[in-house]
Amino acid sequence: MKNQFATASAPTLAPTFRVQTVTLYLGISLLRVHLSELLRDSVFAEDERLRANDSIYQTEDISRLQAWQRNVERVLHERQLAQAVANREQHGRTSDYAGELRASLAEDAFLAETGLSYADVLSL
């Protein structure tokens, strides 16, 4: 019986992507994920997040994404610092609060032990 199938001479299936191309796409993907994580901080408004994520996922230029990363990190640190300063001005420093609390507790302990407040002792 004669072979009914013709021999096929298909080209070898070589990978279509080079290692550099895969690395580039992986780097872009990781940068996008990192930028999205940075934008999840509460200092960014929802509309800022939406616009930034849209721009991040539309660009393919890694240098532009790196510039975005630097700018987002800078803005994040500036806003966190401004938020910390505003909290400190509103609530005082933590050490000030802790000192006031310790003094209040000492006064309460003195009152419980002697039955006199600091004002009573000063008036004697």
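The values are calculated or read from the model by the stated rules, or taken from the named source; none is laboratory data. Being a predicted model, the structure only gives us computed values, none of them experimental. Every residue, glycine as well, gets a Cβ built from its backbone with ideal geometry; the counts of neighbours run over all protein chains shown.
Give the residue, chosen from 83, 90, that is surrounded by 12 or more Cβ atoms within 10 Å (Cβ to Cβ) and modelled with pLDDT under 90. Please lay out each step first, then the result.
Details: 90 fails: surrounded by 12 or more Cβ atoms within 10 Å (Cβ to Cβ).
Testing whether each residue is surrounded by 12 or more Cβ atoms within 10 Å (Cβ to Cβ) and modelled with pLDDT under 90 leaves just 83.
Does region 52-82 hold any residues that are within 13 Å of residue 36 (Cα to Cα) and among the small types (Gly, Ala, Ser), and which are they?
52, 55
If you scan region 31-80, which residues turn out to be modelled with pLDDT of 90 or more, of a type in the set (Gly, Ala, Ser) and within 14 Å of the chain's Cα centre (by Cα)?
Answer for region 31-80, where residues must be modelled with pLDDT of 90 or more, of a type in the set (Gly, Ala, Ser) and within 14 Å of the chain's Cα centre (by Cα): 36, 45.
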